[in-house]
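The values are calculated or read from the model by the stated rules, or taken from the named source; none is laboratory data. No experiment lies behind these values; they were computed from the predicted model shown. Cβ atoms come from the backbone with ideal geometry, glycine included; neighbour counts cover every protein chain shown. Protein only, heavy atoms only, side chains kept; ligands, DNA and RNA dropped before computing areas. Shrake-Rupley method; radii C 1.70, N 1.55, O 1.52, S 1.80 Å.
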Amino acid sequence: MLTRQQVVEGVAGQYDLFAGLVESAADGWDAPTRCTKWRVRDVAAHVVGNAVDTAAGTIGRRTPDEQATALAHHEPAELAAMLREANGKLRAALSTLDDRLWAKPSDVQGRTVGNGVLTLWYDAYVHGDDIRAALGRESERGSGLTAAVHWVAESLRQKGWGPARLELRGFGPVDIGHGGGAVEADALDFVLTASGRRDPAALGLGRDVNVYSR
């Protein structure tokens, strides 16, 4: 499990990386992405909207589409500046949390405060990969991928998927339930598959592995 400090530092660092990515995306700002109907600017606007809403204490009041609609008209430098401002506020606020507050239910139904912060980290990482893919750039791994694996695994547990043992190259085994068969895959491939971005049949899995399916 990731510690509270690792998650707090991780989401702040991921937002720093995302701001730099947004600034570098001007030439492909209107390129389509693998997120249905979203261009690069829409993906960026959603991630920035998540940070802005969380810093303002209003997370969950706007849908991802509403965040994208509200902010997608901004240019890359403007969105990057908005993200850095919100990230500064988040760093200060999250650093004051103790274990008791970390475990409390958040304003988003079904999530603790700690899981909500991990969700922000996952979201910024995987949407950063969406933008890189749209721009024809290589994926990045690092601690963001670790966060994404933890988030996806926990979401699959909550969904009742499994049991299974994830044997993820570049990561290590992750158990979902007890006594399940092994699923061998690259860690990033599994995250992209479990988040609906790749065909699960390529990993020998059914469509129920998608964390967003009902």
Checklist entry - HN-Hα J couplings of the range 56-68 from phi, Karplus 6.51/-1.76/1.60, θ = phi - 60°, integer Hz, Gly and Pro as x? => result 8, x, 10, 4, x, 7, 10, 6, x, 5, 5, 4, 4
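Once every DSSP H run of n ≥ 4 in the chain is given -39500 (n - 2.57) and the sum is divided by its residues, what mean residue ellipticity at 222 nm do you get, rounded to the nearest 500 deg cm²/dmol?
Working: 8 runs with 116 residues, N = 214.
Rounded to the nearest 500, the figure is -17500 deg cm²/dmol.
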Next on the checklist: Need one value: the accessible area of Arg62 in square angstrom, 1.4 angstrom probe, rounded to the nearest 10.
Outcome noted: 80 Å²
Next on the checklist: For the range 17-97, what does the accessible surface come to per residue with a 1.4 Å probe? Please give it in Å².
Outcome noted: 48 Å²
Checklist entry - What dipole magnitude, in Debye to the nearest 20, does the range 1-117 give about its Cα centre under +1 on Lys/Arg Cβ and -1 on Asp/Glu Cβ? => result 400 debye
Checklist entry - What size of dipole, in debye to the nearest 20, comes out for the chain about its Cα centre when the only charges are +1 on Lys and Arg C-beta atoms and -1 on Asp and Glu C-beta atoms? => result 520 debye
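When Lys and Arg each count +1 and Asp and Glu each count -1, what net charge do the other residues less than 13 Å away from Gln158, Cβ to Cβ, add up to?
Details: positive: Arg111, Arg157, Lys159, Arg214; negative: Glu154.
Spelling it out: positives minus negatives among the neighbours equals +3.
Using a 1.4 Å probe on the protein heavy atoms, what percent of the accessible area of the range 1-130 belongs to carbon and sulfur?
Values: 3400 of 6290 Å².
Here carbon and sulfur together make up 54 percent of the probe-accessible area.
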Next on the checklist: Keeping every protein chain present and rolling a 1.4 Å probe, give me the accessible area per residue for the range 106-165 in Å².
Outcome noted: 41 Å²
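How big is the Cα convex hull of the range 7-129 in projection, averaged over all directions, in nm²? Intermediate values should be presented prior to the final figure.
On the way: hull surface 27.4 nm².
That works out to 6.9 nm².
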Checklist entry - Using the per-residue mean of other Cβ atoms lying within 10 Å as a proxy for protection, in what order, highest first, do the peptides 96-107, 2-13, 37-48 fall? => result 37-48, 2-13, 96-107
Checklist entry - List the aspartates and glutamates whose alpha-carbon lies under 14 Å from that of Lys159, not counting same-chain residues fewer than 8 positions away? => result Asp208
Checklist outcome for this item: Rh (Kirkwood, all Cα-Cα pairs) for the range 98-138, Å, reads 11.5 Å
Checklist entry - Quick one: Karplus J couplings for the range 80-92, per residue in order, coefficients 6.51, -1.76, 1.60, θ = phi - 60°, nearest Hz, x for Gly and Pro? => result 4, 5, 4, 5, 5, 5, 5, 5, x, 5, 5, 3, 5
Checklist outcome for this item: Checked against the positive end of the charge dipole of the range 10-146 (+1 on Cβ of Lys and Arg, -1 on Cβ of Asp and Glu, about the Cα centre), the farthest of Leu17, Val48, Leu97 is Leu97
Checklist entry - Looking only at the range 86-129, which residues have a backbone nitrogen under 14 Å from a spot 7 Å from the Cα of Gln5 in the C-beta direction? => result 95-99
Checklist entry - How big is the convex hull of the Cα atoms of the range 70-214, per residue, in Å³? => result 148 Å³
Next on the checklist: If you roll a 1.4 angstrom probe over the protein chains with everything in place, what fraction of the accessible area of the range 135-174 belongs to carbon and sulfur, to the nearest %?
Outcome noted: 43 percent
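For Arg62, what charge total do you get from the other residues with a beta carbon under 13 Å from its beta carbon, if Lys and Arg give +1 and Asp and Glu give -1?
Surrounding charge for Arg62 is -3.
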